[in-house]
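Undergrad: Encoded as structure tokens, here's the structure I'll be asking about.
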Amino acid sequence: MPVKGLPPNANLDHLKYQAKDLLKAHAARDPQVAQRIREFHPKFEKSTDNQIFKAKLRLSDAQLAIARERGFASWTRLKRHIEKPTPADNLQVKHHERIEDPTFRSAVDLLDAGDVEGLRKHLKKHPDLVKQHVMFEGGNYFRNPTLLEFSAENPIRHGKLPANIVEVVKVILEAGAKNNKAAMNETLGLVCSGRVPRECGVQVLMIELLCSYGADSNSGIGPALPHGEFEAVAALIRNGARVNLAVAATLGRVEDARRALASASAEDRLRALAMAAQFGRTDIVRLLLDAGENPNRYNPTGNHSHSTPLHQAAVAGHFDTVRLFVERGARLDLKDAWFDGTPRGWAEYAGHKEIAEYLREREK
């Protein structure tokens, strides 16, 4: 679910009122609020709606959820950001311009310039740089990156990558980043879900390089699928990634989905339903619904979790999939947790008039 970035003149009292409103909606058993709590309160990450509604939610719990929904690790950090901002807190500035450590900033500048020799010398002079993290708050991801993660250009900072980015990445890996598997896996996910590496023609090359150094190909699948980065998915599979239920659902591989279904976890099934809905894999949606999947759950974290499968099918224009969901009892009144829109509203926004009219008729 996207975080709700703070406005330029954020007001702490207003955010406190939002926390109190969250408590009221929790008491009213609002399923949209249950999804927000599940997404943004770590204690409830694996909880069902009923478990969340039965829990005694305190004001501090609501404030934590609000803080994390705004991209901050805690209410305390959100409060500091508002009351005592630093240059690094300016969310309107590109990430590399918010780096306060001049040595780290120089490394990023050399990376962005494609200066292989300059970067190699800089890292030799400052060998601990490849282990260092910088902290960014107020965003949905890229909150604690290493230097290696800047190579993915995701989030977008310049809209392009140097032509020799693969060589640049290799320099960083050889300087010691190859010993940090978590950073390699995170970078792989950023590469696989980012449009800039693909548009620059280096996405597959970067995937192959990272995997050759030990990045887990399976770590890139989750980020790639909801972004429809099918070339990345294919490259990951060539490098050993598993064709699990979610992958089969995204690619429309019915027999693979059928085989994977029996051993799939509840979360895997929900993720597969989200992916099949998003890409209009109607046969797989039917397979999952026949197996007992509930069409009226919000999508899982990392898969447009502010919406339901029906929202995704409607906004993407998959009429057959929409019709199947409606026939199988999908609720038409559930609103997404970001824009507060129904599936019909999403179809109207996307210009799918036939789907919008169909849903309007079923709402009567």
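The values are calculated or read from the model by the stated rules, or taken from the named source; none is laboratory data. Predicted model, so just to flag it, every value in this text is computed and none were measured. Glycine also receives a Cβ, built like all others from the backbone with ideal geometry; neighbour counts cover every protein chain displayed.
Undergrad: Looking at region 28-53, which of the residues that are assigned to a helix (DSSP H, G or I) and out of contact with any helix residue (DSSP H, G or I) (no Cβ under 7 Å at 6 or more places or on another chain) is nearest to Gly71 (Cα to Cα)? Steps first, please.
TA: From region 28-53, those assigned to a helix (DSSP H, G or I) are 31-40, 42-44, 49-53; that's our starting set.
If we keep only those that are out of contact with any helix residue (DSSP H, G or I) (no Cβ under 7 Å at 6 or more places or on another chain) as well, we get 32, 35, 39, 42-43, 50-51.
On the way: Gln32: 19, Gln35: 16, Glu39: 12, Pro42: 13, Lys43: 17, Asn50: 26, Gln51: 25 Å.
The qualifying residue nearest to Gly71 (Cα to Cα) is Glu39.
Undergrad: Now for a separate question. If a residue has to be over 18 Å from Ala249 (Cβ atoms) and in a helix (DSSP H, G or I) to count, how many in region 316-332 make the cut?
TA: Of the residues in region 316-332, 4 are over 18 Å from Ala249 (Cβ atoms) and in a helix (DSSP H, G or I).
Undergrad: Of the numbered conditions (1) touching a residue at least 40 places away in the same chain (Cβ under 8 Å); (2) part of a helix (DSSP H, G or I); (3) over 17 Å from the mean Cα position of the chain (by Cα), Ala232 fails exactly one; give the number of that condition.
TA: The failed condition is (3).
Undergrad: Of the residues in region 300-336, how many are under 23 Å from Leu225 (Cα atoms), surrounded by fewer than 19 Cβ atoms within 10 Å (Cβ to Cβ) and of a type in the set (A, V, I, L, M)?
TA: 0
Undergrad: Let me ask you something else. Given (1) of a type outside the set (A, V, I, L, M, F, W, C); (2) closer than 25 Å to Asn140 by Cβ; (3) surrounded by fewer than 18 Cβ atoms within 10 Å (Cβ to Cβ), where does Gln278 come up short, assuming only one miss?
TA: The failed condition is (3).
Undergrad: Now for a different question. With (1) part of a helix (DSSP H, G or I); (2) within 21 Å of Pro300 (Cα to Cα) as the list, and Asp13 as the residue in question, which single condition is left unmet?
TA: Of (1) part of a helix (DSSP H, G or I); (2) within 21 Å of Pro300 (Cα to Cα), only one is false for Asp13: (2).
Undergrad: A further question follows. In the list Ala152, Ala107, which residue meets the criterion of being within 20 Å of Leu205 (Cα to Cα) and either buried (at least 19 other Cβ atoms within 10 Å of the Cβ) or out of contact with any Cys (no Cβ under 6 Å at 6 or more places or on another chain) (or both)?
TA: The match here is Ala152.
Undergrad: Could you run through region 6-42 and say how many residues are within 27 Å of Pro309 (Cβ to Cβ), under 22 Å from the mean Cα position of the chain (by Cα) and surrounded by 14 or more Cβ atoms within 10 Å (Cβ to Cβ)?
TA: Counting residues in region 6-42 that are within 27 Å of Pro309 (Cβ to Cβ), under 22 Å from the mean Cα position of the chain (by Cα) and surrounded by 14 or more Cβ atoms within 10 Å (Cβ to Cβ) gives 11.
Undergrad: Determine, yes or no, whether Asp333 is farther than 22 Å from Arg36 by Cβ, out of contact with any Leu (no Cβ under 9 Å at 6 or more places or on another chain) and not polar (S, T, N, Q). Lay out the reasoning, then the answer.
TA: On the way: farther than 22 Å from Arg36 by Cβ: no; out of contact with any Leu (no Cβ under 9 Å at 6 or more places or on another chain): yes; not polar (S, T, N, Q): yes.
In short, no.
Undergrad: For Gly201, all conditions in the list (1) touching a residue at least 40 places away in the same chain (Cβ under 8 Å); (2) not in a helix (DSSP H, G or I) hold save one; what is the number of the exception?
TA: (1)
Undergrad: Would you point out which residue out of Ile237, Ile221 is among the β-branched types (Val, Ile, Thr) and either outside any helix (DSSP H, G or I) or over 19 Å from Gly302 (Cα atoms) (or both)?
TA: Within the list Ile237, Ile221, the selection yields Ile237.
Undergrad: When you go through Ala107, Ala113, Ala62 one by one, which is the residue that is small (Gly, Ala, Ser) and not assigned by TED's automatic domain parsing to the domain that holds Glu149? Step through it out loud before you land on a result.
TA: Values: Ala107 fails: not assigned by TED's automatic domain parsing to the domain that holds Glu149; Ala113 fails: not assigned by TED's automatic domain parsing to the domain that holds Glu149.
None of the others qualify; the one that does is Ala62.
Undergrad: Would you confirm whether or not region 294-307 contains a residue that is closer than 21 Å to Gln32 by Cα and assigned to a helix (DSSP H, G or I)?
TA: no
Undergrad: Identify the single condition in (1) of a type outside the set (Val, Ile, Thr); (2) in contact with a His (Cβ under 9 Å, 6 or more places away or on another chain); (3) surrounded by 14 or more Cβ atoms within 10 Å (Cβ to Cβ) that Phe339 does not satisfy, given that it satisfies every other one.
TA: All conditions are met except number (3).
Undergrad: So, in region 281-298, of the ones that are over 17 Å from Gly329 (Cβ atoms) and buried (at least 19 other Cβ atoms within 10 Å of the Cβ), which residue ends up nearest to the chain's Cα centre (by Cα)?
TA: As a first pass, look at region 281-298 and keep what is over 17 Å from Gly329 (Cβ atoms): 281, 283-284.
Within this subset, residues satisfying the condition of being buried (at least 19 other Cβ atoms within 10 Å of the Cβ) are 281, 284.
Working: Arg281: 21, Ile284: 23 Å.
So the residue we want is Arg281.
Matching residues to (1) within 28 Å of Asn90 (Cβ to Cβ); (2) part of a helix (DSSP H, G or I); (3) in contact with a strand residue (DSSP E or B) (Cβ under 7 Å, 6 or more places away or on another chain); (4) of a type in the set (Val, Ile, Thr):
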position: Gly118; (1), (2), (3), (4): yes, yes, no, no
position: Leu129; (1), (2), (3), (4): yes, yes, no, no
position: Gly139; (1), (2), (3), (4): yes, no, no, no
position: Pro145; (1), (2), (3), (4): yes, no, no, no
position: Ser151; (1), (2), (3), (4): yes, yes, no, no
position: Pro162; (1), (2), (3), (4): yes, no, no, no
position: Ile172; (1), (2), (3), (4): yes, yes, no, yes
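Undergrad: For the condition touching a residue at least 40 places away in the same chain (Cβ under 8 Å) and farther than 20 Å from Glu39 by Cβ, what is the one hit in Val322, Val285, Val326? Steps first, answer last, please.
TA: Numbers: Val322 fails: touching a residue at least 40 places away in the same chain (Cβ under 8 Å); Val326 fails: touching a residue at least 40 places away in the same chain (Cβ under 8 Å).
On inspection, the qualifying residue turns out to be Val285.
Undergrad: Looking at region 71-84 only, could you name the residues that are closer than 20 Å to Pro42 by Cβ, at pLDDT below 90 and part of a loop (DSSP other than H, G, I, E, B)?
TA: Gly71, Phe72, Ala73
Undergrad: If we scan region 85-100, do we find a residue that is assigned to a helix (DSSP H, G or I), within 24 Å of Pro155 (Cα to Cα), of a type in the set (A, V, I, L, M) and modelled with pLDDT under 90?
TA: Yes, the conditions are met somewhere in region 85-100.
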